[in-house]
Amino acid sequence: MPETAAGSASSGDGNESVVRLENVQKFFGPIQALKDINLAIGNNEIVGLIGDNGAGKSTLIKLMTGVLPPTAGRIFIRGREIDLSDYSVRMAHELSIETVYQDKSLADKQPLWRNFFVGRQITNRFGFIDIKREKEIADQILKGAIGFRSAGITVDSTVSNLSGGERQGIAIGRAMHYDADLIILDEPTVALAVAEVRKVLDFVRRIKESGRACIYIEHNLAHVHEVADRLIVLDRGQIVSEIRPRDMSVIELTEYLIDLQHGT
């Protein structure tokens, strides 16, 4: 049986958490979207966030990244309690939290090097964009952080010429370059072919190898089961269990979630 995790706020390996939520609640009018959320994400771990549609996954991520304020509760980032009245997406970025949304993070008609520095351009002492420096760093990200070796992909390649898996790799590499301590992936393998899924899962593993934390939101249980250190199950706005993939097969996990949907 999965471990009930609703009352625990410790990270998976006992280390200091990157983000910690304590007794977080969220109401939309009379509707309670999140109830008694206690969750910690530790350094150097991949946490899968799973649950049926409407379980509260998107709302939870929006609270964690400053898009929405919680109705009640406390949020800590690297042990520091956040003033929720001031918390915003910009502050989340400044505190090294980045979200990679499926197919919404990149500008199709722009070259890769421009995509890496959108809104964060490197300028020279005269205030002009330092194109040479941006291209050098973009090349380092391509070859180092995300391991692109193909001669067909360079910093001057346009996003529209990349496959779905390669686009996700670029978005993940950009988040890693900006020293994100926590990278949140929202359905990164949606509508991808099998070979492309393999690329994305390799990129996800690179996040952990680099010492960062990752929250991986996924409907395809086989994908998240393969790379996650632990799985957090949301159901009707509550964390109902924490599961170690080694303790439950994909088939068992699927059956467990079906039982949840039927209230058993």
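Points worth noting:
- The chain, accessible surface, carbon-and-sulfur percent (1.4 angstrom probe): 49 percent
- Angle between the chain longest axis and helix 131-140 axis [Cα atoms, degrees, rounded to 10]: 50 degrees
- Relative contact order (%) - criterion: Cα under 8 Å, at least six apart; region: segment 118-224: 22 percent
- Over the chain, DSSP H runs of length four or greater, each weighted -39,500 (n - 2.57), average out per residue to a 222 nm ellipticity of -8500 deg cm²/dmol.
- Other-chain or far-sequence residues with amide H under 5 Å of ASP130's (modelled H): ILE122, THR123, ASN124
- GNM result for the chain, Cα springs below 10 Å: residue of GLN110, GLN168, GLN25 fluctuating most strongly: GLN110
- Average Cα contact separation per residue, the chain, under 8 Å, 6 or more apart, as relative contact order %: 27 percent
- Tilt relative to the chain, helix 250-261 - C-alpha long axis, 0 to 90 degrees, to 10: 60 degrees
- Kirkwood Rh and Cα Rg combined as Rg over Rh, evaluated for the chain: 0.98
- The local environment of ASP36, defined by Cβ-Cβ distances under 13 Å, has a net charge of +2 under the rule Lys, Arg +1 and Asp, Glu -1.
- Overall form of segment 24-96 per C-alpha gyration tensor (a/c, 1.5; a/b vs b/c): oblate
- Heavy-atom accessible surface of the chain, averaged per residue, reaches 48 Å², computed with a 1.4 Å probe.
- With bins 5 Å wide beginning at 0, the percent of Cα pairs of segment 124-197 falling in each bin runs 3, 14, 22, 23, 19, 11, 5, 2, 1, 0.
- Sequence ranges 169-181, 29-41, ranked by mean other-Cβ count within 10 angstrom, highest first: 169-181, 29-41
- Rg/Rh (Cα only; Kirkwood hydrodynamic radius) as it applies to segment 64-193: 1.02
- For VAL19, the residues 5 or more places off, or on other chains, whose built amide H falls under 5 Å of its own are ILE41, ARG78.
The values are calculated or read from the model by the stated rules, or taken from the named source; none is laboratory data. This structure is a prediction, so every number in the text was calculated from the model and none was measured. Glycine gets a Cβ as well: all are built from the backbone with ideal geometry, and neighbour counts include every protein chain shown. Just so you know, the surface numbers come from the protein's heavy atoms only, side chains and all, with ligands and any DNA or RNA stripped out. Shrake-Rupley method; radii C 1.70, N 1.55, O 1.52, S 1.80 Å.
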